[in-house]
Structures are given as C-alpha cells and as structure tokens.
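Structure record follows, encoded as structure tokens.
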Amino acid sequence: MKFRGKIVDVACLNHFTRVISTISKLTKSCILRLTPQHLFFVLSGKVTNGGVSMWCELSQANFFDEYQMEGFSPEDNEICLEVTPENLSRALKTTQNAKAVKVKLTKKHCPCLTITAELPTLSSISRVVTHDIPVEVIPRRLWHEFKEPSVPDFHVSIYLPPLKTMKNVVDKMKNLSNFLIMEANLRGEMNLKIETDLVSVTTHFKDLGNPPWGDDASQGGGAARRWDPEAMTQARVDIRKLQQFLIGQQVNPSKAMCNIVHDTVVHLILLHEDVSLQYFIPAVA
C-alpha cells in the first residue's frame, strides 16, 4: 500500500486544515478511507447503542495538486487507517504559511502519516518541518463497517437556521438541561425545546424551508410523504452532542440541513462545494 499527496495552493491548504479541525472537534478517533478520487473520514458509532456516527467526504482533486495511491489490491484499491484527527489538525496548523505540504504514508516505528512542510525563510536556506502521526492500518475484513451510511427514512427534512445563531441558543440551553428536543415540520418550522420539572423553554424558527428530496423512497423521505405537513416530528437528544457539532463547525457550508426520524435519530448534513459532512445523533428516551 502506498499513499502520497502534495498541497501547494494556500487556500486549499487552509480549507483542508479547517475541515480536519472540524472533525477533530467531533471525535477523538476515526477512520480515514483513501480511494483514488476521495478521502473519507468515518466514525461508525452504533446509533442503536447511543453512539453518534459521522461521514465526511472530500474530493481529492479539490485539495491536492498531486495525489497518488496504491490500495490493498487492484480489486480493492483503497486504504483504511485509524487516525487521531487532533494530531493531524495540530500538525496542519503549523504549516499555514508553507510553500508546499506533503502527506505520505510511511513506516517508522509504526505506520505513520508523515506531513512535511517547506516553510518560507528570509535566507536562501529552506526550512522543513516534519510531523510523524501514528496510524493503524485497518485490515480488509473490517472495511464493511466503514461504508457510507444510507439516508434514513425520515419524517421531516428541513434547512437549519444560521449555525452561529443555533449555537448561541444551544449554549444557553445547556445550562438548563442535559437534553434538548429538536422538532420540525414540513412547513419550514423548527423548535428547540428544553423541558424539565422546573422550566420549559422553546426557541422558534420559521420560514427555514424544506429540501426538495426526490420522490424515490430510497433517497429517504418515504416516511415524510406519509406525514402531516403541519405535524411536528421530534427527537430528544443529548445536548452536548449537538453542541459539539455546532462548536466544531468550520466548514462554512453553503447548505445545512437536518433530517429527523421521529423519536429515533437526528441526521445533520453540511454541504460545501467540495466537502460533505453527515452527523447522526441518536434520540434518547
């Protein structure tokens, strides 16, 4: 297995760093899937067991000036690595003014992603900084656990309000309860609610709009077509997991959406022209 990539464009490097920083806020460890065309960051927590899951997809051509890889085999041309996003984020943050950054899969005392940055200097002597980030190679027999999640058969899909506004609301509500109710309908209305024995607080959002999902039930939304447009679909979630998602967001999405399966799961989606991030938060009783 071989992998090497090179980023020269400063804007691409900064954007890539922001994406990795976002992921580092969402999980301490995840799987990096490398394919000839894409990079995927995957957290396959079992939602049924209360764990969050994540799927982040990047097109390599939008970030890397050079990109070469040889996978497990010609038939299974990909590489799966377990990585610590925080280590990757810290290394990339030291390379922001670099002339070029190279990323390579190497074998040191253990498998590593080696990041080499050529930094500008005032003299003619170049200054090179190297970071070796330990990774674990995932065997082929486990790859089935890290495939793209299917869009759930949601009852409601809605565009999110401005994420900064939503974060400010959730930050305040966190002081009142450990749990938050997210509810929305097919009229573009969303409520964030806290309900305890002592207090009940609701923030209302209107005219958010509902994404025009296809009619094919395999695209998700089969349940939505059977749902009263006025009726509120809700899911009660751990407020810390929602706050974690909002705090870490640095992707600056062009679209932010939320699918809700009643009392089951909240499916958050951030779309950028070259990045998509999906995050699943299970409902709690």
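The values are calculated or read from the model by the stated rules, or taken from the named source; none is laboratory data. Please read all numbers here as calculations on a predicted model, not as lab measurements. Counting neighbours? That spans all protein chains shown, and the Cβs are built from the backbone with ideal geometry, glycine included. Just so you know, the surface numbers come from the protein's heavy atoms only, side chains and all, with ligands and any DNA or RNA stripped out. Shrake-Rupley method; radii C 1.70, N 1.55, O 1.52, S 1.80 Å.
One table, with the values for the structure above:
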item	result
Any hit, the range 168-176, residues being open to solvent by 30 Å² or more (accessible area, probe 1.4 Å), at pLDDT 90 or above, of a type in the set (A, V, I, L, M, F, W, C) and not assigned by the TED database to the domain that holds His15	yes
Subset of the range 102-127 (residues that are under 27 Å from the mean Cα position of the chain (by Cα) and either open to solvent by 70 Å² or more (accessible area, probe 1.4 Å) or not assigned by the TED database to the domain that holds Tyr67 (or both))	Lys102, Lys104
Filter result for Glu75 (farther than 24 Å from Pro134 by Cβ, in a strand (DSSP E or B) and out of contact with any Lys or Arg (no Cβ under 9 Å at 6 or more places or on another chain))	no
Subset of the range 170-195 that is in a helix (DSSP H, G or I) and not charged (D, E, K, R) - its residue that is farthest from the chain's Cα centre (by Cα)	Met173
Scan of the range 78-98 for residues that are open to solvent by less than 50 Å² (accessible area, probe 1.4 Å) and not in a loop (DSSP other than H, G, I, E, B), ordered by number	Ile79, Cys80, Leu81, Val83, Pro85, Leu88, Ser89, Ala91, Leu92
Positions within the range 116-169 being touching a Ser or Thr at 6+ places or on another chain (Cβ under 7 Å), farther than 22 Å from Leu242 by Cβ, part of a helix (DSSP H, G or I) and not charged (D, E, K, R), in sequence order	Phe146
Ser73 vs. criteria among the polar types (S, T, N, Q) and either buried (at least 20 other Cβ atoms within 10 Å of the Cβ) or in contact with a Ser or Thr (Cβ under 6 Å, 6 or more places away or on another chain) (or both)	no
Long-range neighbours under 8 Å by Cβ, at least six apart or interchain, first residue among the hydroxyl-bearing types (Ser, Thr, Tyr) within the range 227-239, second open to solvent by less than 60 Å² (accessible area, probe 1.4 Å) and not in a loop (DSSP other than H, G, I, E, B)	Thr233/Val156; Thr233/Glu183; Thr233/Ala184; Thr233/Ile260; Thr233/Val261
When residues of the range 236-271 are limited to those that are buried (at least 17 other Cβ atoms within 10 Å of the Cβ) and at pLDDT below 85, the one nearest to His155 (Cα to Cα)	Pro253
